[in-house]
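This report refers to the structure that appears directly beneath it.
The values are calculated or read from the model by the stated rules, or taken from the named source; none is laboratory data. These figures come from a predicted structure and were not determined experimentally. For neighbour counting, all protein chains shown are included, and Cβ atoms are generated from backbone atoms with ideal geometry for every residue, glycine included.
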Amino acid sequence: MQSGKDVIRREMRARRKAVSPAGRAEASAVICAKLARRGDIGDVADPLAIGSPVAVYLASPDEIDLRAYIERMLRLGCKVVAPRWNGETYELAVLKGLDSRHLRRGPMGVMEPVDAEIVAAKEVYGWIVPGLAFTRDGRRLGYGGGWYDRLLADAPKDAVKLGVAHSFQIVEDLPAEPHDIALTAVIDDSP
C-alpha cells in the first residue's frame, strides 16, 4: 500500500513532466526575478550577507531552473554553494561557474560543482531548495531521500530557507514527520 507522500510524489512528478519546456522556462524566469528582488537572501547591499554563502540547487530537467539567479549572484560576487555527492552523502561545494569546466554530472544525473571548496551547512544563512510539493506555511515534500532535511538540520536556526515551485505544487496540506525542516517561505511562479 502506498503512503500519502508516495501518492503526492507520483502526482507532482507527472504534473511537472507535463509542463512544456517553454512553460518551465517562463516559470523559472518569474521565480528567478522574484528571488532577485528579495532582500533577505544573498543581498549584496547588506555587508553581513556578503560573506555568507547562498545554497542553491542545480536543476534536473523537470525542476525550476535557477540558472539566471545563480549567474546574477555570481556576477555580484556572492559565494554560491550547491550540493555535491561525496560518495556517502551530499555536501555543499562552492560553485565557481555554470559551464563544463566547473560542473560534472553526479550519480543522480544532476550537475554538481567540480573540485571545489566544501562549506559547512552551519555557515549558510540563505537556502533555495527544490521539492515536489509545498504548503504556504513552509512544509516541503522532497524526493524521498531526506538529503535536504539532513543538510537543513545543520543550517543556522535563523537561516532563510526558500522553496521554489510551480503554483500547482502548492497544496493545502502535507504529511509531516518530526525530522522535516520547515521553510521560511515558498516562491512560486504566480504573477
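Based on this model, can you work out whether residue 183 counts as touching a residue at least 12 places away in the same chain (Cβ under 8 Å), within 27 Å of residue 71 (Cβ to Cβ) and part of a loop (DSSP other than H, G, I, E, B)?
Spelling it out, residue 183 is indeed touching a residue at least 12 places away in the same chain (Cβ under 8 Å), within 27 Å of residue 71 (Cβ to Cβ) and part of a loop (DSSP other than H, G, I, E, B).
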Would you say residue 23 is over 22 Å from residue 109 (Cβ atoms) and either touching a helix residue (DSSP H, G or I) at 6+ places or on another chain (Cβ under 8 Å) or at pLDDT 95 or above (or both)? no
Kindly list, by first and then second residue, each pair from a residue in segment 24-38 that is touching a residue at least 60 places away in the same chain (Cβ under 8 Å) to a residue that is in a helix (DSSP H, G or I) and aromatic (Phe, Trp, Tyr), limited to pairs with Cβ atoms under 8 Å and residues at least 6 apart or on different chains. 31/69; 35/69
Candidates 119, 114 - the one that is surrounded by fewer than 16 Cβ atoms within 10 Å (Cβ to Cβ), hydrophobic (A, V, I, L, M, F, W, C) and either in contact with a strand residue (DSSP E or B) (Cβ under 7 Å, 6 or more places away or on another chain) or farther than 24 Å from residue 29 by Cβ (or both): 114
Those residues of segment 122-154 which are crowded, with 20+ Cβ neighbours inside 10 Å, among the small types (Gly, Ala, Ser) and touching a residue at least 60 places away in the same chain (Cβ under 8 Å) amount to 126, 133
Name the pairs whose Cβ atoms lie under 8 Å apart, with the first residue in segment 71-87 and on the phi < 0 side of the Ramachandran plot, the second assigned to a helix (DSSP H, G or I) and not small (Gly, Ala, Ser), and 6 or more positions between them or separate chains? 72/32; 78/50; 80/70; 80/73; 80/74; 83/147; 83/151
Does residue 151 qualify as being within 24 Å of residue 36 (Cβ to Cβ), assigned to a helix (DSSP H, G or I), in contact with a strand residue (DSSP E or B) (Cβ under 8 Å, 6 or more places away or on another chain) and not hydroxyl-bearing (Ser, Thr, Tyr)? yes
Out of curiosity, is residue 67 within 24 Å of residue 188 (Cβ to Cβ), modelled with pLDDT under 95 and of a type in the set (Lys, Arg)? no
When the residues of segment 31-57 are filtered to those that are among the hydrophobic types (A, V, I, L, M, F, W, C) and crowded, with 17+ Cβ neighbours inside 10 Å, which remaining residue is modelled with the lowest pLDDT? 49
